[in-house]
Structures are given as C-alpha cells and as structure tokens.
Amino acid sequence: MKFVLVSGGVVSGLGKGVTASSVGVVLKACGLRVTSIKIDPYLNTDAGTMSPFEHGEVFVLDDGGEVDLDLGNYERFLDVTLTRDNNITTGKIYQSVLEKERRGDYLGKTVQVVPHITNAIKDWIESVAVIPVDGQEGPADVCVIELGGTVGDIESMPFIEALRQLSFSVGQDNFCLIHVSLIPVLGVVGEQKTKPTQHSVRELRALGLTPHLLACRSAQPLLANTKEKLSQFCHVPIANILNIHDVPNIWHIPLLLRNQNAHHSILNQLNLLSIATPPDLNDWTKMAEKFDNITNSVRIAMVGKYVGLTDSYLSFVKALLHACIACSLKPSIDWIAASDLEDDSAKLTPEAHAAAWETLRNAKCVLVPGGFGDRGVSGMILAAKYARENNVPYLGICLGMQISVIEFARSVLGLERANSTEFDAETPDPVVIFMPEGSRTHMGSTMRLGSRRTLLQTPDCITSKLYCNTEYVDERHRHRYEVNPEVIGVLEEAGLKFVGRDETGKRMEILELPSHPFYVGVQFHPEFKSRPGRPSALFLGLILAATRQLEAYINTHQNGS
C-alpha cells in the first residue's frame, strides 16, 4: 500500500480537503485505485453532535457514520463509498485504547501516548487503507490521508508522531508528504511572502517529517523568485512546488495539479511511474469548462436555520450545482434565514423581514433543508405555505418534509395547533412524533442513520418517474422524528399523498401533492449521494420544475432511457 499524506500549515481552512480530493482524482486518472482517510484531531468520537455553525455540515455515509464534510468531498470527487472508519478522530483512538486497557490487553503495562496511542493510529490507518471503497475487490493502490488542523497544534501531535513512524515503517518508496501552506501578500508591500511557509515546514521537519511536495495557496500564481526562495529554504525541488491559486470553480484544481505535473512528482516518489498511465482528465476538463461557459442562472430560495455559514449546507449546495449544470444553468442561491420570515421579525427587524419575503417571492423554487430545534420553524412553515399556495416548486428534505406536513395539517385540515413533538411536546395534534427506537438520553449515533430502502408505492408519481420508474431507492437518513402513522389517512384524504414508505409500510419517506407542479418532501437526504455528472434525481426535478422543463424531461425519460 502506498500512502500520500496531506498536511496543512500557517492557518486552517486552506482547502486541504479539496487538495487531497484533487490529488486522488489525478492519481485515479492515471489508472490507479484510490481510497482516502480523514484524520480529525478533536476529542469528539464523531461529528454527529457538533454544531453546523462551528464545524459545517455533518456528512452521513451509507453505513450510518456521521463524519466530517471533507469525506463528502472525497466521495463526490473520487466517486467512492466510504465507511465510518475512514474518519479517524482522537476520540475514536482513545476510546479503542481505553477499551483494550479495561480488557487487560496490555498485560499490565503502563498505557502511554507513545507507543500505545501511536500504534493504535498506525494500525487503524493500515487496516482501513486496504478496505475497497470503489466497488471492486482487493485493496486500492494508493491511500490519500488528510491530517486535519494545522501543524504545531497540540491535539494533532500524536497523529504526527504516528505518521512519522508509519513513513519509516512502510519505507521511502511508499510514502509521499504534501504540505499545504499559505503564501500571503501584504497589501502595503505587494510582495508574496514565504516566511510563514518556511516556519511551517521547519516545524514539520522538527517533528520528523519532511515534505516531498509543497502545495502553496495564493490569490495569484506564484512568481518564479517566490518558488526559488521556497525551494531553497524548505528543501523541496522547484518542480515539486505546486501553486494552487484561486480558480473560478474547484473542478479546476485537479487540472491545475495535472498542468504542473504533480502526478509525475507523486508517482516518482511512490515508485509508481512504471505502472501508471498519463492522466486522462477529459471528462473533468469538459465539466470545468462547461460550468465556466454557462451564462444563464436560476434563483433558488434556501430557507434554513444555519444560513450564516454556507458550509452548514455544503452537500445541498453541491447537489444544486450538479443538478443545475445538468440543465446548463448556474445556481443562484438566495440564503434566507427562516426566522426572518416570521411575524415576530416584522416587529423586531422589519427591514430583514421585508427583504426575506421579497427574496422568497423572486425565487423560482424553494428548498427547505434539515435541521434540529425549534428556532426558525415558523418561518419554514410560512415558506412551505407560500410555495404550496402559489404553485412554486418546493423540495423539503428531512425537517423540510416534516414542515410541509405540519403546514398542510394546519392550513388544509384546520388543525391550528398541529405540530411536531420536537417543538411542542403538549400539542393536541402531533403530526410528527419521536421514533420509538430513538434514545432520549444519548445524542451521539442514536438517530436513524445511514442507507435505508424506500419502497415507491406507485409508478404514477413524480418521484418514481425521476428515479426512472424503479420500485425502490436506497438513500441516506439522519433523523429522530417521523410523520405520525396515525394521521396518514386523513392527510391522504385531503390530497397529500405518501408515495414512498419504508419496508414495513409504516414509516413515511416521500410525500407529494399531485395538484401541484412540484411539491415533494423526503425524509431522507438525497444530497449525500449526488455526484458531478450524476445529479440527485430530486434536485434535478426541482431545477427542471423551476425552469418549466420537468414535463418534457419526464416524457423523454419515461422508459428509463
């Protein structure tokens, strides 16, 4: 097994995840099989209990793993299906070591960071690296490892030591280190500064790791003298200094690496030149250029709770991007804080209230994503009501589906206090309830998680036609609450149809309003399986409906062609 480690220096948020994904894309284009691992040095066992404001979205895998959003980048870029073990955290490592200590596995020895924690890290990496993630048998050729955080952080020290030991044990020909760093330009001087990168590399070398390649982030391309200075002081050949400057869209990053012969430097270090082929990135090039050349756009209202940080909805943004490109459009996402739509907001912040409603009315479609807690729920209900009453295409995902049920029960059935027991435990009309198998005492990994099968109840519905008339779909879930099975009868009599259910037939998965051009709610998260060139069926349906192309598309693809 060959390992490529991507570390970061100077500051966080440089794009290590996109860099690692892009390295994987280029190696895959050279005919190699690639897998990936993300190391997060925080003490949480997984990302499941983290606030989206603090850490961005929680990405859900097929096996129910709640992981860092970078694993979403890996899945989208490399078109692989990862497992929860592909995300290593300090919490997982310490938990596994402490469990072994309690069982007596260490034979009475003093359990220490070195060697016990570092050995656990190495063993985890080496065991996960050989698990196939691309649907083929046997281990991949290369494992790309991203080390989260910044070199020098106290919390990442055990991982750096473990990776130093790993590089020594697997041998020079099997380990390549790419260090991502920042080359800032001070406004007054206007000169590209290399000193922060020099210090970062010095810190890395002091810890026993020497980078083979530097991936330098900058606003503008690096100057020749900047590269010379970096090479001289960081002990890296000029050919191995890669410049990842700002580009129109991130699909250019693999092309940027290919154009700088990054694959040659990596393959040379890993002694793979003899079996690799020249990188074939024709499809990737077409995709990047197609997006750059699109001029028309479609306005999408995203009514959510965490709109202050767009990374909170990263997979939604990517799924909309994939769907829009399939329709030769650019997504123009209007972020609307759900609380700004509420009646209370009209009194407290009238300008924000008026602006939010104007934005909603100018959008061609409405998307209400998932979330937890009661903040902004009233605003989401108003957005769903607006979309339903004005025939505006609407897609509600997870909480967004539950919102559409609450709104329909209140507005159509006249149940004014209809609600979810999540928001009002005393509601007389609980149309959304806590799932029986859920835990009320523990938060982590206690939801209904991962890939679950949804059986489509009729071929005569929009969802079935968008999924090419299949009998079932396997999509990823992350929820604690569900539509109350006892109210399904009255909702369906009033016109709201539940066209997708789980395998027991009791859990509602997909709802549609047949009298509406496109009013769909789903309990699952289709955004997690959207891929470039293979958009999620429901996101594609939303964009097609927004641009009045849905009927023509369905007629063309009616036979699953």
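The values are calculated or read from the model by the stated rules, or taken from the named source; none is laboratory data. Here the structure is a predicted model, which means the values were calculated and not measured. Every residue, glycine among them, receives a Cβ derived from its backbone with ideal geometry; neighbour counts consider all protein chains shown. The protein model used for the area step is the full one, side chains on, heavy atoms only, and it has no ligands, DNA or RNA in it. Shrake-Rupley method; radii C 1.70, N 1.55, O 1.52, S 1.80 Å.
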Gained length - residue 199 relative to residue 472, 0.36 nm times residue gap less alpha-carbon distance = 92.8 nm
query = Given a Förster radius of 25 Å and the C-beta distance between residue 335 and residue 250 as r, what FRET efficiency does 1/(1 + (r/R0)^6) yield to the nearest 0.05?
reply = 0.80
query = If one takes the longest principal axis of the Cα atoms in the chain, at what angle in degrees, from 0 to 90 and to the nearest 10, does the Cα axis of helix 399-411 lie?
reply = 10
Rg/Rg_globular for the stretch 227-342, with Rg_globular taken as 2.2 N^0.38 Å and Rg from C-alpha atoms = 1.47
Contour excess over end-to-end distance, with Cα ends at residue 271 and residue 131 and 0.36 nm allotted per residue = 48.2 nm
ask   = Between rounded, prolate and oblate, where does the stretch 202-295 land on the alpha carbon gyration tensor, with a ≥ b ≥ c its root eigenvalues, rounded for a/c under 1.5, else prolate if a/b exceeds b/c?
value = oblate
note = Descending packing, highest mean Cβ count within 10 Å first, for 469-476, 164-171, 291-298 is 469-476, 164-171, 291-298
request  = Enumerate the calculated ³J(HN,Hα) couplings along the stretch 508-517 in order (Karplus 6.51 cos²θ - 1.76 cosθ + 1.60, θ = phi - 60°), each rounded to whole Hz, writing x wherever the residue is Gly or Pro.
outcome  = 7, 10, 9, 10, 9, 10, x, 7, 10, x
note = Over its alpha-carbon atoms, the stretch 107-225 yields an Rg and a Dmax in Å of 17.9, 62
note = With residue 207 itself left out, Lys, Arg at +1 and Asp, Glu at -1 over residues whose Cβ is under 15 Å from its Cβ give -1
task = Report the antiparallel proportion of the DSSP beta bridges in the chain as a percent, rounded to a multiple of 5.
result = 30
inquiry  = Angle check, please: helix 282-293 long axis (alpha carbons) against the longest principal axis of the chain (alpha carbons), in degrees 0 to 90, nearest 10.
reply    = 60
query = How many percent of the accessible area of the chain is carbon or sulfur, using a 1.4 Å probe?
reply = 49
task = Hey, for a label at residue 497 modelled as a point 7 Å past Cα toward Cβ, could you say which residues of the stretch 454-481 have their backbone N under 19 Å away?
result = 454-473
Cα Rg, Dmax (largest Cα-Cα span) when computed across the chain, Å = 25.1, 75
ask   = Taking K and R as +1 and D and E as -1, what net charge do the other residues with C-beta under 15 Å from the C-beta of residue 501 add up to?
value = -4
message = Using a 1.4 angstrom probe on the protein heavy atoms only, could you order 335, 357 from most to least accessible area?
response = 335, 357
request  = Could you do me a favour and compute the accessible area per residue for the chain, 1.4 Å probe, result in Å²?
outcome  = 42
remark   = One finds, for residue 210 and residue 412 with R0 = 60 angstrom and r their Cβ-Cβ distance, a FRET efficiency to the nearest 0.05 of 0.35
task = List every residue whose amide H lies under 5 Å from the amide H of residue 509, counting only residues 5 or more places away in sequence or on a different chain, with H placed 1.01 Å from N in the peptide plane.
result = 500, 501, 502
inquiry  = What distance in nm lies between label points placed 7 Å from Cα along the C-beta direction at residue 98 and residue 534?
reply    = 4.0
request  = Net charge near residue 124: determine it from the other residues with C-beta under 10 Å of the C-beta of residue 124, scoring Lys and Arg +1 and Asp and Glu -1.
outcome  = -1
query = Going by the alpha-carbon gyration tensor, a ≥ b ≥ c the square roots of its eigenvalues, is the stretch 178-241 rounded (a/c under 1.5) or, if a/c is not under 1.5, prolate (a/b greater than b/c) versus oblate?
reply = prolate
request  = Specify the angular offset, from 0 to 90 degrees and rounded to the nearest 10, of the alpha carbon long axis of helix 157-170 from the longest principal axis of the alpha carbons in the chain.
outcome  = 60
note = With label points set 7 Å from each Cα along the Cα-to-Cβ direction at residue 219 and residue 458, the distance between them in nm comes to 5.7
ask   = Using the eigenvalues of the Cα gyration tensor, what equivalent ellipsoid semi-axes result for the stretch 1-86 when each is taken as the square root of five times the eigenvalue, whole Å, largest first?
value = 22, 16, 11
key: Chain lengthening between residue 173 and residue 11 when straightened (0.36 nm per residue, less Cα-Cα)   = 55.4 nm
task = Have a look at the DSSP beta bridges in the stretch 347-498 and tell me what percent are antiparallel, nearest 5.
result = 70
query = At a Förster radius of 60 Å, what calculated FRET efficiency corresponds to the Cβ-Cβ distance of residue 185 and residue 548, to the nearest 0.05?
reply = 0.85
